[in-house]
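Working notes, structure below.
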Amino acid sequence: VLRSRFGGNILAALRLTRSNFDEKYSFLRSLCVSREHRRGGLALRLLAESIRDFDAQYCYCFAGPGLETLYHQSDFRKISRTDTPKTATLPKWLVQSYNSMEARWTSKGLGPLHLFVRTNPVLHTDNPEIILLQHSSEMSKKTATGWLLDDHMYSERFPCNAKHDNNDLKLQLQRWIWSGRDDASKIEEKLTNLMEDRNVHLLWTGNSTNEHGDAISNNPDSLPETYIILDGTWQQAKQMFRKTPALWKLPRVSLTSDVRMEGAIWE
C-alpha cells in the first residue's frame, strides 16, 4: 500500500500472493491506483517494490490490452492463448488457469485477456536447488540442522540466538512443511509440477534401489537439478518417507565421506 504523507490517504494498493501450485510463482491478483493519482508512476513504483520484497522467481497476472504498456515497463512478457511457443514453456497448471480465466472473461464480452509473466533475473538460475521437506516439529527446535541451510529464516524465528555472521549460503532453497499423512497429496502435486522442468532427486542413505523395489535411474535430460532433503530425526525422516508415496520413485542420491566429525554443531 502507498499512502499520502499528508493525511495518510491510500494512493495505490496491490494484492500479491504465493501460488498454491508452485512456491516459485507469485500471483498479482489486483493493482489499483486512486483516480486522481493515475499516470504518475505510482503503479510502477508499487509493483517494483512489491515484487522485490516478495522475492519470488516468477510473477504472473491476467490483464486486458489496456494494461499492456504498464506491464511491459515492469519487465513482464505478454502471452496470448494462441501463442503456442510461449505457452509450451509454462507449467501446465498456469496454462490451465489462464485458459479458464480467459474463457470466463470473453464470455462476459470484455474482449481479449492476456497472461503476463515476469522472471526475476536474480533468482532465475539453472543452479541446483534444494527443497527442505521439514517435519513440523523441527520448526520449533533451535538446534535443528535444517537451519544450517537458511540463516535468514533462523534469524527471523530465533532473533535472540542469531549471530548475524553473514554466513548465508545464498542457496536456491524452498521449505516444505510435513505435518502428517494428509500432506502426501499436496507434496505429490508439488513434485509433479516441479518435475516438468527440473530433475528431482531424493537425498537419502542407501544404494541404487529403495525398499519398495523401484530401480533408481538417472534422467538423461539436461534439466537443472533439485534435491529433496528430509529434515527431522531419523525416525521422523523414515516416517515422512513411508507416508509420502511420491518420494518412493524419486532417483536417490547418497553422500559418502571418510571424514569423521567430532564435537558439537551448535555452540
Exercise. Name the shape class, rounded, prolate or oblate, that the alpha-carbon gyration tensor gives for the stretch 26-66, where a ≥ b ≥ c are the square roots of its eigenvalues, rounded holds for a/c under 1.5, and otherwise prolate holds if a/b is larger than b/c and oblate otherwise.
Key: oblate
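Apply 1/(1 + (r/R0)^6) to the Cβ-Cβ distance of residue 38 and residue 185, taking R0 = 41 Å, and write down the FRET efficiency to the nearest 0.05.
Efficiency, from the Cβ-Cβ distance: 0.40.
Do any of 78/108; 190/243; 186/238; 78/249 go past 26 Å between their Cα atoms, and which?
Details: 78/108 22 Å; 190/243 16 Å; 186/238 18 Å; 78/249 37 Å.
Going by Cα-Cα distance, 78/249 fall outside the 26 Å limit.
Mind running the shape call on the stretch 1-56? Use the C-alpha gyration tensor, a ≥ b ≥ c as the square roots of the eigenvalues: rounded below 1.5 for a/c, prolate if a/b tops b/c, oblate otherwise.
Details: a/c = 2.54, a/b = 2.40, b/c = 1.06.
Cα axes put the stretch 1-56 in the prolate bin.
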Exercise. Return the sequence-ordered ³J(HN,Hα) values of the stretch 33-41 in whole Hz as given by the Karplus equation 6.51 cos²θ - 1.76 cosθ + 1.60 applied to θ = phi - 60°, using x for Gly and Pro.
Key: 10, 4, 4, 6, 10, 6, 6, x, x
Quiz prompt | Positive-end residue of 116, 27, 66, charge dipole of the stretch 1-120 with Cβ unit charges | solution = 66
Self-check item: Distance in nm between pseudo-label sites at residue 15 and residue 243 (7 Å out along the Cβ direction from Cα)
Solution: 3.4
Quiz prompt | Label-to-label distance, nm, for residues given as residue 233 and residue 1 (7 Å Cα→Cβ offset) | solution = 4.5
Quiz item: Does a label point 7 Å from the Cα of residue 225, set along Cα-to-beta-carbon, have any residues of the stretch 238-254 with amide nitrogen under 20 Å, and which are they?
Solution: 247-254
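None of the figures in this text is laboratory data; all of them are computed from the coordinates on show. Note that this is a predicted model, so its numbers are computed, not measured. Cβ: placed from backbone, ideal geometry, glycine included. Neighbour counts: every protein chain shown.
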